[in-house]
Each structure stands twice: as structure tokens, then as C-alpha cells.
1. Answer yes or no: is there a residue in the stretch 1138-1146 that is farther than 27 Å from residue 796 by Cα, touching a residue at least 40 places away in the same chain (Cβ under 8 Å) and in a helix (DSSP H, G or I).
2. What do you reckon, is residue 223 assigned by TED's automatic domain parsing to the domain that holds residue 202 and either without any contact (Cβ under 8 Å) to a residue 24 or more places away in the chain or closer than 30 Å to residue 296 by Cβ (or both)?
3. Which one is farthest from residue 558 (Cα to Cα) among residues in the stretch 50-80 that are touching a strand residue (DSSP E or B) at 6+ places or on another chain (Cβ under 8 Å) and assigned to a helix (DSSP H, G or I)?
4. Take the stretch 59-71 and flag every residue that is touching a helix residue (DSSP H, G or I) at 6+ places or on another chain (Cβ under 7 Å) and at pLDDT 75 or above.
5. Give the residue that is modelled with the lowest pLDDT, with candidates limited to residues of the stretch 81-103 that are assigned to a helix (DSSP H, G or I) and in contact with a strand residue (DSSP E or B) (Cβ under 9 Å, 6 or more places away or on another chain).
6. Search the stretch 104-117 for residues being touching a helix residue (DSSP H, G or I) at 6+ places or on another chain (Cβ under 7 Å) and at pLDDT 90 or above, and hand back the single one that is surrounded by the fewest Cβ atoms within 10 Å (Cβ to Cβ).
7. Give the residues of the stretch 1111-1130 that are surrounded by 18 or more Cβ atoms within 10 Å (Cβ to Cβ) and either in a loop (DSSP other than H, G, I, E, B) or more than 48 Å from the chain's Cα centre (by Cα) (or both), sorted by residue number.
8. Can you say whether residue 612 is under 26 Å from residue 650 (Cβ atoms), touching a residue at least 12 places away in the same chain (Cβ under 8 Å) and either crowded, with 18+ Cβ neighbours inside 10 Å or assigned by TED's automatic domain parsing to the domain that holds residue 505 (or both), as far as the supplied structure shows?
């Protein structure tokens, strides 16, 4: 009996050394049993390899491959081998998921007793952290009494002391609970195995153990090996280490040494063997692996560098360094390398192992690119189940009641696991999209969803509506019913039943039956079969695994809680806590495929090619983050108090120090070629190569190789052979090369022209395939310029008809952004309707209040009302509007938030009416004649313009117009008021460019429709946004009354109307009778109007009106001609894209030759001058 420790660096054949020892021992120990122990991850491949090599050593072949009495096990399999028929093994049936649920239950039960963690029970991930920390302590061999004793010695460290006390509290109760259940954790099985072996339950006296593949072990694994050392015939372990490692075991080890971890393990095992009075033999491995000399050089360099610093540079052709401009290109060139090796029959897929520090950064990139090159791969990384639709479905299902929030409902339905029978996926998705838009626009949540009352898509459609509208409404109603019924008739009754369940066992039964009744299991099977049909075996396996995991967790839930009573929310928390650590188990779908994994994960040696990618300074050296409850500082403080032979997990600094060993072992699984690769950018910032790359570059004088798509003529064909690969990849590479050549204004190289010729031939032979259609689209991208084309006349008529019916706002939209006009008014694209108060809806309510207030006045001046009477009228008006069951204003009463906004809007209307009273004082001769008056509909005629074969009809709505009566002259005039949400004045620059048409068009329309001789003399904007200023202190000496007066005067000045007033003596005379007039009529000392006055001469007004007509014709003419260029206006900081809903459709990009239509700012005289010039030019034409 005894322990043999074999040390060998990465070029030594540790496996062969062990196998030769097995052979020799078998010859002398005929009755011996031999166990070859390796990490579970490489057990399958190792078994094949070991048995094959043993047969070769014995000169056996064919059916004699199996070697009698030699078995390849992992430690967990060894536990099964010895204990599977014992009651002890049967008790190890508490899964990690069940442990999490049990700990969650204990934490809730003892929450008030917790010293530190009582407020963290609902923090995401905390339950799993607590479970992991408890397992770590148990697997370290610590008893809770020992942990309690450590805590008692930490009075000067209250936080750490409370951590330990909380762990003791939960850990002790966990052990008691497990004792009552007669269970223990299956993760504790190795600890149980150790005690089982030490008790002599199995006769190991003729059994020999050979251990390989480890550089370090967990405390539980070490414990099993120690038991084997004590009880078996012999234990031999092969560890990585340089020559002379044996001499280091009697010394204090440096944690920064390359082989620190395996030497520390050797020290632990040596000490254990000596404590059991076993002999210890330490030897160096002489057997060499069949690696190329360059890999031997890499090994020697890495060891020398770690011990003594930079050695003398040498040449090495067996290592390459690759750079790439992005992660995508990095994986692309790796795929090209593998593909070329395969098609040239230089390698098989399994001859490549790809490693990276963080596979998560690439897990979406690699499958897409490898599929393009037809490369089978196996992604060997931990993928969590928590994002699977099935888990999301269960989570959202149990999270619905009682709130039934819209977000939760939609998240549940969008998993597509609740599709009714006889409903295809396309129909379901369309119905869900319609229902989502409907629910968002109506703010439907809560009771609305569980109420079986039928929803109607449009309540305004009735039997008197057009047949087409009724048909469309009926289809929409059916779509709403399809989705609404799922909640109201299936889910709501189920959740009600679930909430009444007497215990957890019954709840789980009901949940399982619901999943079966709704066909959720069948949907999972459909997804699995689709994945199989698509050749995605990994996805197919995941479908089965996630369903099986759910069933296992439901079983665990019954095991843990059984007859206990939980709320639906508590059940959901328990299930999600159990799922928080659930991972897919990776099962390779084929023997011959590229393995993609992470550095630091154990791998079988003997792979011809190793590629380490993602080797940036961000990723390497690797950064380790401590996620356990006991942080690094805690562990260092506890280290001195740990009982002899007990050890917690390493601190992050020790783990990070092992990074160099991980990279060394990653390289040393190779035999022929090592490639290091890194991207120089992550899309947002530049990246640098890792210091490991720089280390290798200096040591072996290596260049950084990068792909060039613009090759010279001599090496065109050689490089293109490496770049192109499959037809799909050749297309992608050609498009990229052609784009780069075009961007650099260089001709396409001859080789790429040959590639294009070949691709064109494929296109001719297979013109209708989907790949060819994609290729055609890609070709058009080379010459794509984000510009619209002129629309044909027939299409213009189909969109707008032969009579262009338009409004001023539409024409102004065209002037601001012609392409947006097409999208909005031609194609009628609309943004998704949501239950939010838009500026338009807010404006509609304010306009409605103002309209009804003026109607109630019955042609009396607004100024005749007292403030109290005005407020009362406003209140009555608002109530009548909201009570009228008008769908337009339904939104204002749907929530407290909207009711608050409504009150704010009413307050703004009040301030506006108070300001309007200044313009309608009693006996001032100004009375409102009409509000919300539409021309082009009803009695008032539209503006119409004949343009060739087409008729242009302009309609609009005038917010308000007042009659101004001059009694002395017995003359009546009209003044137009247009309400605005913010301050606005007449802009001559915008008027010149067609962006300011409103006031002048209203002026023209109202003059057209007046038969009683009244003419419009003013058209002004009025702001509804601003309230009265609050009084403020200026000097500190003025009285509060003076401050109030100042605030009122400033408010009045800012709230004045702004627009155009024709210079008519009688009209202005009447307005100026009121000293407090809101009209901007400012005079100089000589009586002339100031520059900031809105008064314009009749001649200037005539120019403005004529030019306005001309602009309407011009804009309408461009619309009818089908001209909708992507040419938004820009003036200073304002442009036609600022407030558009169509930015994602327009995709305006200056890099794609899109340009703004810049407007030159014009003062009024210059603008009028240019208007006159244009009018003369048009008259001349």
C-alpha cells in the first residue's frame, strides 16, 4: 500500500506513464482490480482512449480491445459503483434544486432570527448564494459546531461574526430537517463515500487506483482520494509539474508559481499518506508526447518565463498570432482556417479545439458563422435554463394574479406555449399583435382581462356602417376574443382554483394538469422536432432537458413542501429559486465536430490544433469575481481559525494567479499547431492584445497576421482560396471585399472578379433559390443610396386620388420632410397606439373646453364674466365633456395619473381664458363669432386650385374667430385666433419656404366665406401653455403688492397674441380702445408702429397672401408629381427629423449621401422682397 505521485510538464505523456504502471502491476498482481479515475467531463473520451492504449501495450486488437479488471471511472461514478445498492446511496436524493427550495423555506421560517441577512431574502440570487455557501462549508468537512466556535472568536469582527451565525442557524436547521427526512444532498455523496471507505465497508486491499486529469481538487474529492490512500493497495496520481517538482513539496509554496495548484494538491495527499503511515514515492515522468518541436519550445518558454522572466528570443513556426478588426471577423477567419484544412483533407473537425476566457461574448456569433461554413460544432459552456420560454411561461403564469398587469400578460402569451388548438402560429401572432395594440391604446389590465365581457375593437362601428368596415371590425373582434379568452376563460379560472388549493402537493398536481390540458408539453415536442428537422440537435436536446428539469423541480417541490400551504407567489418564488441554477447538460451531437470551450475547463490532451481566441487585455489575464457570501477578506480572516485539515475555497487572488497555468494547460493539449487570436475592437472601443500575446510575440518574434481583402495580383488566388470557403461564405466575403474596394475607390482585384464570375454562374443556374435571392439583395447594397425615387402618376392617383384633398398641416409636413408626408398620408403608416396622452389628445381636450365655453356665452363677451363665474363655467364644461362617453376623451379618466394631467390641462385653459378676457372686455366691441369652425366641410367652402387635370382642395379648422365692431365707424371686422401649446410668432423665413401656411390660409378661407362684407383684419397665435408668473423679490425693498403687479405685467406681455394685423385705421383704433389689449400693437413716440409690432401694411399683406397661394400650389404640384425626396429641412438647431415618428423608416444618414435642405434665415423685409421676386418670376412663366 502507498501513494505514488508522478510529475510531468505538458509535453510529457502522463496517461502513458500511468498505463505502463498499470501494465506492470497487472503482470505481478493477477487478482488485482484497476481503476483509472478522471474528471467526469472527460470520462467518456478517456475510457475509449485508455482501453485502446492498454490494448496496444498488450499488443491486442479487434474484439480483445477491452482489458479485464480495468475500469475508467469518475469519482461520482466510483461512489455509485461502491454504494448503489446501499440504503445510504438511496438517501442521497436531495437535488441542488430541492436544496435551494428547502433553504428558502428555512430562511422564511427563521427570518426574524437572522442577524445580517433578514432583509435580503427577496434579493435576486441570494437564496442560491446561501445554498452554495452552506454546501461549501459542508464539503470542506466543517461541522456547524466548529463554525459556531469560529464565530465566537470574532467579537471584533461583527459583520463576519453575524454572517457565520446566520450560516450556522440555517445550516443547523437544514441538517435537522434532512435528518428528519432521512435524506442528504447528492452533492455530499463524495463526503459520504470517504467515510464509507474508511469504515472498511469495501475491501480495497487488492484494488489499485490511477488518477489523471487533475491539477487541483475540491475538498470532497481530496477526501475520497485520502480514503483510497488509506484503504487501497496503491494510489498513483499524475500531476502537471516541471522537472524537479518533487524537491518543492518540502518547501513553502509560492502561490504565484506556475504549478502552485498541483504541487499544493501533492502536498495535501503526501501529508494524508504519511498520516496513514503509507509510503510516498514521487517520480518524474519520462514518457514524451508526440508533439511538434514548436510545442515543446512553447512549454519550455512558458515555464522559464514564469520562473525567471523573459528568455532569449527564438523562432517557432508552430505558433501563430492572429488579429482581427472585430469579434465577427475573428471567428470568420477561424472558420476559414478550419474549412480549408477540412476540404484539403489535412484534418477532421475533431482535430480543432477552440478556447476563450469568456464564451458568453461569442455564443451568438460562433453558431451563425460556423453554419455559413457548414462546420459542425459543440459549444461546451454552461447555459442557464432561466431564459427558456417554458420557464418564462411558468414564472409569468404564477405572477399574473391578482394584478394581471399588461406586461406580465403579454410576456406570458408571447412565449407561444398557450396557442389554442386548431390555431396556426401565423394567425395567433397576428391576433396577439392586434390585441397588444388594442390593450395598450385602451390601457386594459387587471379586471378588464379576467372579465368575460366581449371586447369590441371599434365601438363606433354599427349596423349602419359600411359593409367593408363592419367586416374588418368583425375580424378584429375575433382576434381580440382569441387572445382575451385565453386569460378570462383558461388562465383566470385556473389561478383561482390554484389559490384555493389546501397544500403544495395539490398545487403541483393542478399546475401539472394545466400544462398538460393546454398542450404545453406538446408545444415543447413540436419545437424539439423542428430543431431535429433543422439539424440543430443541441436545441432539440435542450427542449427535452428543460421539460424534464421542470418535472424534476415539481417533484422536488412536493418532496420539500408536500402538505405545507403556500400562496401562489410563494410557490413561484420557490420554483424560480430552484431554476436559478439550472443548466443544460451538454451532450455532443456527433463524434466528429469542432469543440468550442473555455480556458480553465479540463480537456483531454492530444488535439492536433488549439486556437485560443478572444485573447484581449480585457479578457486575459482573467478576472475572477467572488460571488459567495464569504468574500476574500472574510476567508483570509477565517484561514487562521480553520481546524487542521479543513480548507475553504481559494480567494480570488489565488484563483487569478492560476490563470497562467490554465493557459499553459490549454495550449498543451495540442500536438501540432497553437493559434492565439484577438479582436482589435468590440464595436464601441479599441481593444489591445493580451499581455500573453505580447509575451509570445516577443519570445518567438512572431508577426500579427490579419486578413486583407484588397490583395495584390500575385497573391490573389492563394489568399482567396483561404477566404472564400462555401458558396454562402464566398458571397459574404465577396460583398465585403467589393464594398471595401468601392469605399477606397480601388478597382476590384482579379481574383475577386473570378469569384464574382463563379457566383454569377451559380445565380444563373439556380435563380429562384432563397440563397440567390439573398445574394441579389446583397449586390444591390453595394450601390445603395438612401434616396427615394419619383412615384409614377398612376400610383400617385392610387394613393391620393385625382382630387388632392389636403390640409395646411399636411402641406407643412411636406415642406418640412417630403418623405414623411408619403409615409404618413400616402402609405398611412402609423406608430403603435399606446395608452399615453399625446400632445394632440391634450390639445383636443383644451380645444373642446374652450369651444364649449364660448358656445355657452351665446355671443356675449368673455370679459363680462366674473372670475368666479368663469371658473364655474369651466368646471361644468369639463364635467360635461368627460361624462359624454366620447371615445376621444375616454383616456382622461382611466387612471389617477391621467386625472391629474386633466386637472393641469384645465388649469392651463383657465389661465388662457383669463388672458382672453383682456381681448373681450365688456363694451369693447369684440365678441366671439365661431369656434372650431371647419372650412371645406359643411357650410363653409374649401380653398380650391385647378392644376391641370387635377383639383387641389384645402380644408382646415379655425380655432376661433372674433367680430370686432367699431361703433363710431359702424364697421365690422374679423380677427382669427389659433391656439398653440407653446409661444409662437409668425416666421417669415418659414413662410417663404412653405413651413408657415396656417394663418395666411385661414385668412384667405375666412375672407372667401364671408358674405356680409366683413373682412379678416388679423390672424394671431395664442399660447395655451403658460400660466401667470409668481411674484418674486427684485431688490428686497419693494412691497408684495408691487411684486404682484410686476409679475402680472410681465405675464401679460408674454401672453400677448402674435401674428399678423393689417394696418386698417378703424380696426386698430377699436383694438387700442383697450389699454390692456392682448394684440401686439406697439407704437413709437411719433405714432408709427414699432418693429416688434405685428401690424403690416395692406401691400405687404397682399404679397404674403399671394405668395401663400403660390406655395400651396407648388407643394401640391410636387405631391401630384410623385416627388417625395428624403430631404428634411434644417434651420439652425431645428430640422424636419426632430419630432418624426418615422426616423427608423427614413433611416436618414449623412454617410449614405442624405442631405438636409438648409434654410437661410430671412428678416421680414428680405423675405418679402424675395417673395415678390418669385411671384414675378412665376407670373412671367
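1. no
2. On the way: assigned by TED's automatic domain parsing to the domain that holds residue 202: yes; either without any contact (Cβ under 8 Å) to a residue 24 or more places away in the chain or closer than 30 Å to residue 296 by Cβ (or both): no.
Answer is no for this residue.
3. Looking at residues that are touching a strand residue (DSSP E or B) at 6+ places or on another chain (Cβ under 8 Å) and assigned to a helix (DSSP H, G or I), I get 54.
4. Residues of the stretch 59-71 touching a helix residue (DSSP H, G or I) at 6+ places or on another chain (Cβ under 7 Å): 61, 64-67, 70.
Result: 67, 70.
5. This residue is 96.
6. Quick first cut of the stretch 104-117, residues touching a helix residue (DSSP H, G or I) at 6+ places or on another chain (Cβ under 7 Å) only: 104-107, 110, 113-117.
Applying the additional criterion that residues be at pLDDT 90 or above yields 106-107, 110, 113-117.
On the way: 106: 20, 107: 22, 110: 14, 113: 12, 114: 17, 115: 15, 116: 17, 117: 20.
Per the stated criteria, the residue is 113.
7. Across the stretch 1111-1130, the qualifying residues are 1122, 1124, 1126, 1127, 1128.
8. On the way: under 26 Å from residue 650 (Cβ atoms): yes; touching a residue at least 12 places away in the same chain (Cβ under 8 Å): yes; either crowded, with 18+ Cβ neighbours inside 10 Å or assigned by TED's automatic domain parsing to the domain that holds residue 505 (or both): yes.
In short, yes.
The values are calculated or read from the model by the stated rules, or taken from the named source; none is laboratory data. On a predicted model such as this, the values are computed, not experimentally measured, just so you know. Here Cβ is always computed from backbone atoms with ideal geometry, including for glycine, and neighbour counts include all displayed protein chains.
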